[in-house]
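All of the numbers you see were taken from the coordinates with simple rules; none came from a lab. All values derive from a computational prediction rather than experimental measurement. Backbone-built Cβ (ideal geometry, glycine too); neighbour counts: all protein chains shown.
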Amino acid sequence: MAVLFGSVLMAGPKLAAVGSSGSLYRYFKSVLFCSDSRSVPAAMSQESPEWIFVEESSIAASLELLKCVRDKLPACRVVFVSEQPGVDSAVGLMRAGAEGYDRGPLDAAELEQLVSSLATKHMSLRRSGLFFHEHCPAEVPFVGRSPGIAQVLETIRIIADSRCNPILITGATGTGKELAALAVHQWRSGGGRF
């Protein structure tokens, strides 16, 4: 299996312990670690992970962390692992945009199985074409297949091909400015650090 994703951030001592086994490198180009969920914002300022796995401490702290991640890295997928899972926590975090919620602690095999299932789900959605426009770079989760999205992607492609530098992308919060920048980056450089 080829590496599917850029980087993953493992937040929490137990996730760091099992994540350091090396099996995650089958899915991610780099695996980063931080001591707990409070360290995630600082770690995100060093590198922009595509995935974050977090040991849930409390629902309030987890929701706050999820909001912080969504504000800084809208395309980042966040998975929570809880030693005391609850339905209310799971529903609240999933509704707030978490990619997953699982019972912990996880051993190395369980973590790899979780990552594998999430990767399979992500890739099957990508291949199905149900949500993603066919002209969008595979690394950019730009959701939509409408003529409006096609026009937006065409405009982004024209800008990426123009070699204008720098590019100023403006818009209201949540409109996809970071995804547009990521698409320009992918089309210009073919990948690499964003």
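Quick look at the numbers
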| item | result |
| --- | --- |
| Net charge over other residues, Cβ less than 13 angstrom from the Cβ of R95 (K, R count +1; D, E count -1) | 0 |
| Acute angle (nearest 10 degrees) that the helix 108-128 long axis makes with the longest principal axis of the chain, alpha-carbon atoms | 20 |
| Helix-only [θ]222 nm of the chain, DSSP H runs n ≥ 4, -39500 (n - 2.57) each, per residue, nearest 500 | -14000 deg cm²/dmol |
| Relative packing of peptides 174-180, 145-151 - highest average C-beta neighbours within 10 Å first | 174-180, 145-151 |
| Relative contact order (%) - criterion: Cα under 8 Å, at least six apart; region: the chain | 16 |
| Semi-axis lengths (Å, descending) of the ellipsoid that matches the C-alpha gyration tensor of the chain | 30, 18, 17 |
| Antiparallel %, DSSP beta bridges [both residues in the chain], to 5 | 5 |
